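Input: a single structure, listed below in structure tokens.
The values are calculated or read from the model by the stated rules, or taken from the named source; none is laboratory data. Just so it is clear, the model here is predicted, and its values are computed rather than measured. A quick note on method: Cβ atoms are made from the backbone with ideal geometry, for glycine too, and the neighbour counts reach across all protein chains shown.
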Amino acid sequence: MSRTDATPGSARRLAVMAACGLLAVGCAKAGTAGTGSADSGSKAPVQVGLVYSKTGPLAAYGKQYLEGFKAGLAYATKGTNAVDGHPVEIAEQDDAGDPAKAVSGAKDLIGKGAKILAGSTASGVALQVGPIAAQNKVLFISGPAAADKVTGLNKYTFRSGRQSYQDIRTAASFIGKDAKGKKVTVLAQDSAFGQANVAAVKAVLGAEGATVDAVLAPPSATDLTPFATQAKGAKPDLLFVAWAGDTASALWTSLSQQDVFSATQVVTGLDLAASYPLFGQAGEKISFLNHYFAGAAGSNEVEVAMTDAVTKAGSKPDIFTPDGFTAAQMVVHALESTKGATADTDALVKSLEGWSFDGVKGKLTVRAEDHALLQPMFQVKLTGSGAAAEPTVVNTVPADQVAPPVAPMAG
């Protein structure tokens, strides 16, 4: 699993410069008094602020998010990039993965009139921007940020991606419906990221009767053979790997050399496509949990639309492209409920609560009680290695089987 709060998938950070600014200008209806210029015959534009990682260690994820948002806005508005004649204007702020920069950017956008914010590639960012949105009564739709605490953060905060609990429940699905009596070992680095994964596995599987222990390696360790040996010696029914950084390839090599794969089932997250070669020959022996990869949903109508749009723009869908697409669907739905008006934020919020819709991954539901986004997840295998590695869905785990417990709304 990766180091990022965005997803537990890749074993290494991958930074790619994100795309340039987006200004989506739609068709305007003529002659609407009081909402725009009577002479120009246009309705007032709606500003949506995107606060995301355009640069920094999560820039690859930010790029996917932005591309998905473009595609989703076009899809949800039937190509007009406008809602009820109001053009949707996108203003970008690069947080570079830094919560302080994100807060500054969010405040700047709000000061310029934005009543809708979206983005947040990193959990630390989402957890700081959410309270700002609540203080200013601004609708906020968090993106790939996975922290469970984003769910139920406050009445103004939603999410367009999955959360960590859904990852862990997907991992748990590999050991069957009953975890009682099973032994699970978490192999991770002794860092905040690794410890958080240990805590999450204990909270989910430990509560269901599994015995959970951990093998933690110093983040600076380069000889990983001792830790692979310890993991094998623990004799778990499932070895859950949550790894970060440039030692990923060395870790998978060590696990192969110690013949861990023949001793137990090894589960980790499948991240963006650029990370597939990192698994080497071990890739075909790993059971992957997955949020999304291109084609994972079986080419439903929405996925096809997203894929076509992103491909025509010169890119390819990846793990967090749907998060941007879904965010745009949510923004448009909220605006449609108010005919493009943003003065009543509570009305925008109410329109999203309990909303079920067809998304890239299939049927999605915004849970009214805490704004969790209920969605299917995937069990995946890799075939081939290196540049030839290709993912395939082994099983789609229904939304209700990975749904997090309802979180009390904090604010």
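Side notes on the structure shown:
- Count - residues of region 194-213 that are farther than 14 Å from Ala171 by Cα and in contact with a Phe, Trp or Tyr (Cβ under 9 Å, 6 or more places away or on another chain): 1
- Members of region 342-352 found to be under 18 Å from Asn136 (Cα atoms) and touching a residue at least 24 places away in the same chain (Cβ under 8 Å), listed by number: Thr342, Ala343, Thr345, Asp346, Leu348, Val349
- One residue alone among Ala296, Ala313, Ala309, Ala305 is surrounded by fewer than 19 Cβ atoms within 10 Å (Cβ to Cβ), in contact with a Lys or Arg (Cβ under 8 Å, 6 or more places away or on another chain) and modelled with pLDDT of 95 or more, and that residue is Ala313.
- Region 237-289 - residue that is among the hydroxyl-bearing types (Ser, Thr, Tyr) and not in a helix (DSSP H, G or I) and, of those, surrounded by the most Cβ atoms within 10 Å (Cβ to Cβ): Thr268
- Residue that is surrounded by the most Cβ atoms within 10 Å (Cβ to Cβ), among those in region 148-196 that are of a type in the set (Gly, Ala, Ser) and farther than 22 Å from Ala263 by Cβ: Ser160
- Number of residues in region 377-399 that are within 15 Å of Gln163 (Cβ to Cβ) and free of Cβ contacts under 8 Å to residues at least 40 places away in the same chain equals 1.
- Candidates in region 380-393 are the residues that are farther than 12 Å from Ile286 by Cα and of a type in the set (A, V, I, L, M); of these, the one that is surrounded by the fewest Cβ atoms within 10 Å (Cβ to Cβ) is Ala387.
- Selection count where residues are part of a loop (DSSP other than H, G, I, E, B) and under 19 Å from Val125 (Cα atoms), scope region 71-104: 4
- Restricting region 117-143 to residues that are under 22 Å from Val360 (Cα atoms) and modelled with pLDDT of 95 or more leaves a set whose member that is surrounded by the most Cβ atoms within 10 Å (Cβ to Cβ) is Gly119.
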